[in-house]
Structures are given as C-alpha cells and as structure tokens.
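Trainee: Could you have a look at this structure, given as structure tokens, before my questions?
The values are calculated or read from the model by the stated rules, or taken from the named source; none is laboratory data. Fair warning: this is a prediction, and the values are worked out from it, not measured in the lab. In this analysis, Cβ positions are derived from the backbone assuming ideal geometry, glycine residues included, and neighbour counts consider all displayed protein chains.
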Amino acid sequence: MQQLLKVEWLKIKHYNAFKILGIFFIVGIFLSNYITLRIVGSVKDTQAGIMVGSYSPYNFDYVWHTTSWVTGCLLILPAMLMIILVTNEFTYKTNRQNIIDGWSRRQFIDVKITLAAVFALVTLLIAVITALIFGFASGSDFSFNKIEFLFYLLLKAFTYNMAAILFSVLIRRTGFAIGVFFIYLGAENLIGQLLDLWSVKLREVDKIDLGSMGSYFPMNAADGLMLFPENPVKSMTSKAFATEYHWLTLALALAYVALFIWWSRRKIIKSDL
C-alpha cells in the first residue's frame with residue numbers, strides 16, 4: 001500500500017486543483033475560527049452580551065469542540081478534491097493504465113479509500129494545531145475537555161471523503177458528480193430539517209420521543225455527531241428540541257461509512273473499466 005500511495009502522490013503533487021483547494025482549506029479553517037472568535041467578542045460588546053456572559057468558545061474547556069465544529073463546516077472542500085481526483089482516473093483512462101501496469105481492481109479502489117483516510121487525518125492534524133493556537137492564545141489552562149469531538153471530526157471527514165468516492169465511481173464524470181453530490185447534500189439537509197420539526201411535534205404533542213430523526217440519514221448522521229458547541233443560548237433553548245440519541249447517531253455514522261466503502265469497492269471490482 002505504501003508504494004501505491006507514492007504513485008498517488010506523484011499524480012497529485014503538481015496538480016493545481018490539489019494545491020488551490022488545499023490552500024483554501026487550510027487557510028479557511030484558521031480564518032473561520034478567527035471569525036467565530038471575533039463574532040463572539042462583538043456580541044459581548046452589545047446588550048445581548050449579558051446572555052453570553054464570560055463564555056469564550058476558545059478557552060480550553062471549549063476549544064476542542066468549537067474548532068472541530070467549525071472545521072467540520074469546511075469538509076466539502078476535501079470531498080470535492082476527492083471527486084476530482086477519482087473522476088479524473090476515468091476521464092483520462094489512467095485507471096485502465098494502472099490495471100495494465102499490474103494493479104488489481106481491488107488495489108485501485110483500496111488506495112483511493114486509503115487516500116480518503118489520509119485526507120481525514122490531515123484534517124484532524126490541522127484542527128488540532130488550530131485548537132492549540134487558539135487555546136493558548138486565550139490564556140486559559142490547558143485541558144482535554146471535550147477532546148472526543150476530534151474523533152467525531154475524523155469520522156465526519158472520512159464519511160464525506162468516502163461519499164465523494166462513491167459518487168465518483170457511480171457517475172465517473174467530474175462536473176456531473178460534483179453537481180449531484182451538492183444536490184444530494186442539499187436534499188438530505190432539507191428532508192432532515194423537516195424530520196427534525198416532526199420529531200419536535202411528536203415529542204410535544206404525542207409524547208413520543210424518537211430522537212432527532214433528521215440525523216438518521218447518511219451525511220446527517222456524521223453531521224449530527226458534531227453538535228453545535230455548548231453556549232448559554234443553546235442551553236436555554238435545548239429543551240425545545242428532540243432528544244439527541246448520541247449512541248444511535250454514532251452507530252449509524254459508522255454503519256454508513258462501512259456501506260460507502262463496501263459499495264465503492266463492489267462497483268469498481270464488478271463493473272467494466
């Protein structure tokens with residue numbers, strides 16, 4: 001696998017889309033967190049600041065959670081890069097050339113899956129560095145409080161990357177795959193919000209608590225793990241929403257990513273080149 005990854009690196013290291021999206025992603029993580037910090041600071045200077053109090057999202061009590069959540073909002077960028085890289089294999093017939101050169105179909109898709117995992121790990125590393133910078137800059141005492149959200153970020157990043165691979169091997173055309181991917185994300189999010197509203201109604205009117213049903217869809221399950229960071233306003237409004245069955249959301253997220261891996265591998269191994 002190490003040798004196959006070296007080949008993948010040779011393919012992408014001089015690719016402009018890889019450089020541009022990579023830079024946007026790295027800068028975007030740091031900039032988005034900085035903007036979040038400034039927004040909270042601005043709210044504190046207004047009359048609404050009394051609701052926020054001394055809350056600071058980048059104290060070490062909150063920084064792992066906040067940074068993971070903000071970073072999770074940008075995962076569409078590495079997912080788009082995965083779509084471009086995989087669909088290019090079909091566009092330029094390099095997938096056939098790899099097979100001619102001695103790769104098996106299984107090796108071809110497994111190295112893509114491994115690359116998706118590498119991208120997720122790089123995302124995690126950038127988030128950790130960003131959290132440390134903002135955490136120490138806050139002047140608060142170091143803490144591992146809520147560090148589990150780094151794992152949820154890793155799972156979410158891998159889920160997005162695997163979904164991108166699945167759309168790529170099913171559609172095989174860059175522009176079409178990206179378009180369908182975005183349409184699917186939008187449609188799932190819309191349906192998920194409608195189900196969340198239904199969940200609230202069931203809880204309040206029928207006294208049936210099925211949890212936040214909008215989080216039971218593939219991408220929403222990964223998103224649902226990255227709950228909005230704790231803050232005074234959220235605490236005041238949390239009772240108005242359906243119960244978050246975290247264990248169920250986590251189980252579904254793991255099941256969906258396993259499905260994405262199985263479906264992608266099966267499609268490549270069983271279909272024509």
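Trainee: When you scan the range 165-173, do you find a residue that is at pLDDT 85 or above and exposed (fewer than 15 other Cβ atoms within 10 Å of the Cβ), even just one?
Mentor: yes
Trainee: Looking at the range 111-169, which of the residues that are among the small types (Gly, Ala, Ser) and within 20 Å of residue 79 (Cα to Cα) is nearest to the chain's Cα centre (by Cα)?
Mentor: By that ranking, first place goes to 157.
Trainee: Here's another thing I want to ask about it. Check residue 211 against each of (1) buried (at least 18 other Cβ atoms within 10 Å of the Cβ); (2) in a helix (DSSP H, G or I); (3) not basic (Lys, Arg) and name the one condition it does not meet.
Mentor: (2)
Trainee: Going by the conditions given, is residue 84 under 30 Å from residue 172 (Cα atoms), surrounded by 15 or more Cβ atoms within 10 Å (Cβ to Cβ) and modelled with pLDDT of 95 or more?
Mentor: Yes, satisfied.
Trainee: Which residue is surrounded by the fewest Cβ atoms within 10 Å (Cβ to Cβ), if the candidates are limited to the range 189-208 and must be modelled with pLDDT of 85 or more, under 26 Å from residue 150 (Cα atoms) and over 15 Å from the mean Cα position of the chain (by Cα)?
Mentor: Here the residue is 193.
Trainee: Within the range 221-268, can you find the residues that are assigned to a helix (DSSP H, G or I), at pLDDT below 75 and of a type outside the set (Val, Ile, Thr)?
Mentor: Matches in the range 221-268: 232, 234, 235, 236, 238, 239, 240.
Conditions (1) at pLDDT below 95; (2) part of a helix (DSSP H, G or I); (3) farther than 30 Å from residue 95 by Cβ, marked per residue:
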{"residue": "4", "(1), (2), (3)": "yes, yes, no"}
{"residue": "8", "(1), (2), (3)": "yes, yes, no"}
{"residue": "14", "(1), (2), (3)": "yes, no, no"}
{"residue": "19", "(1), (2), (3)": "yes, yes, no"}
{"residue": "27", "(1), (2), (3)": "no, yes, yes"}
{"residue": "31", "(1), (2), (3)": "no, yes, yes"}
{"residue": "38", "(1), (2), (3)": "yes, yes, yes"}
{"residue": "42", "(1), (2), (3)": "yes, yes, yes"}
{"residue": "46", "(1), (2), (3)": "yes, no, yes"}
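Trainee: From 156, 146, grab the single residue that is charged (D, E, K, R), surrounded by 14 or more Cβ atoms within 10 Å (Cβ to Cβ) and at pLDDT 95 or above.
Mentor: Just a single option satisfies the conditions, and that option is 156.
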